[in-house]
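The values are calculated or read from the model by the stated rules, or taken from the named source; none is laboratory data. None of these values were measured; they are calculated from a predicted model. No Cβ is skipped: glycine too gets one built from the backbone with ideal geometry, and neighbour counts run over all protein chains shown. Accessible surface is based on the protein model in full, side chains and every heavy atom, while ligands, DNA and RNA are left aside. Shrake-Rupley method; radii C 1.70, N 1.55, O 1.52, S 1.80 Å.
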Amino acid sequence: MTRSPAPLPSPERRRHLREAASLTQAQVARRIGVTRGTVRAWESGRTTPRGSGREAYADLLTSLTRTVATVKTATPAKADKTVKADKVTNTQETAPPTRMTVSPPQQPAPPAATAAPAGLTPAQAFDALYAFCAPALVRQTYLLSGRRELARESVERAFQLAWQRWPEVAVDPDPAGWVRATAYEYALSPWHRFRPRYRHPEPPPADAADRALLDTLLTLPAPYRRTLLLYDGVGLDLPETAAETEASTPAAAGRLLHARAAVAARLPGLAEPAELHRRLAEVASAQRLRAAGPPAVRAGGERRARFWTRAAIAVTVAIIGATALTVRTAPTRYEPPVPAGETVQGVPRRAAPGTLSGKELKLRAKLRSGIQHGPQRLIPLPG
């Protein structure tokens, strides 16, 4: 009697399980003993595993399902669609030290594993999400901005905002994607150029090749750089990249091709996407980028929320006080305005000067002739 073939999940589910465990297709192929093209065909649904390869593949997927279910309990999420989260890391046991991989996302799990444990508090769920995503997100924002301090600040601000909106973020289908988008927006904000601490560039990477790649990335426009990082660095597919960059899929594809061409023009050795992916991981992993602890981030977010709450209260009190003062000093009765001027009747109009009459001319001549020879006084003569 032969044993019935082990059941396998759908091709899409296979791909998400592999990505959730931060494994590449080549790593899965080495574990099973097949080629990378075979794994790609299994995940796309073009072929079906058979024989011993099927059994080994089914055992691997079963172990990955248990791993995803364990991670799923750390952060509650809706199970309405399959999503991915990103992570640039070199700490996976199965990946080379310089490999950029995708971290375990909030993957839809069986109904028994979709709910968080009864004793899991919001702070514990937030800490699990932070520990899960923050280290990789700092490396990604460093590639995006070229500044170590700005990368750490962007990730901390994103998680502080997530903690302030935790009821909303906790039930989001992709909490890691929500935080990633917020961190990217903060890191790419054009207002940083006006801050005194960011007016001068930071020391570049020590390695010349890393320095050349980072300089090439920073010469790209921000939307092109973000699209390249999401697609070739994080590993999102084109529709997800377009959705996160708020662009159409054709526009995202155009940006990606333009960014790749710009990088290949300056660095011909990175014309292949696989080589570009590897080099992005190496540059990100070569920097000492550490994020603050989850409690410190939560405390900073709470302090910021208290500050803005008090500022809003102070502004409200000032407005109320100004309104009360205006009401107190305003007139209590109506004072009509001064009416416009009216014409006064019975007063003759003032005549304008004109030509002198003959009599007036004689008088003027007489007056002028009488005072020419001394200080005599004019005395009226009798008529």
Expected sort for 161-173, 12-24 on mean C-beta neighbours within 10 Å, highest first, is 12-24, 161-173
Calculated P(r) tail over 25 Å for the range 144-273, as whole % of Cα pairs: 32 percent
Give me a comma-separated list of calculated 3J(HN,Hα) values for the range 259-268, in order, Karplus coefficients 6.51, -1.76, 1.60 applied at θ = phi - 60°, integers in Hz, x for any Gly or Pro. 5, 4, 5, 5, 5, 5, 5, 8, 10, x
For the full complex of protein chains and a 1.4 angstrom probe, list Leu267, Leu361 by accessible area with the highest value first. Leu361, Leu267
Eigenvalues of the alpha-carbon gyration tensor of the range 238-297, times 5 and square-rooted, give semi-axes in Å, largest first, of 27, 21, 8
Alpha-carbon centroid distance for the pair the range 277-348 / the range 177-222, whole angstrom: 31 Å
Thr329 accessible area, 1.4 Å probe, all protein chains in place, Å² to nearest 10: 100 Å²
Quick one: accessible surface of Thr62, probe radius 1.4 Å, all protein chains present, in square angstrom to the nearest 10. 70 Å²
Using each residue's phi in the range 230-236, evaluate 6.51 cos²θ - 1.76 cosθ + 1.60 at θ = phi - 60° and report the 3J(HN,Hα) Karplus result to the nearest Hz, with x for Gly and Pro. 5, 7, 8, x, 6, x, 5
Just how much of Ser63 is accessible, in Å², when a 1.4 Å probe is used and the result is rounded to the nearest 10? 40 Å²
Derived scalar couplings ³J(HN,Hα) [the range 291-305; Karplus, 6.51 cos²θ - 1.76 cosθ + 1.60; whole Hz; x for Gly, Pro]: 8, 5, x, x, x, 5, 5, 5, 5, x, x, 5, 5, 5, 5
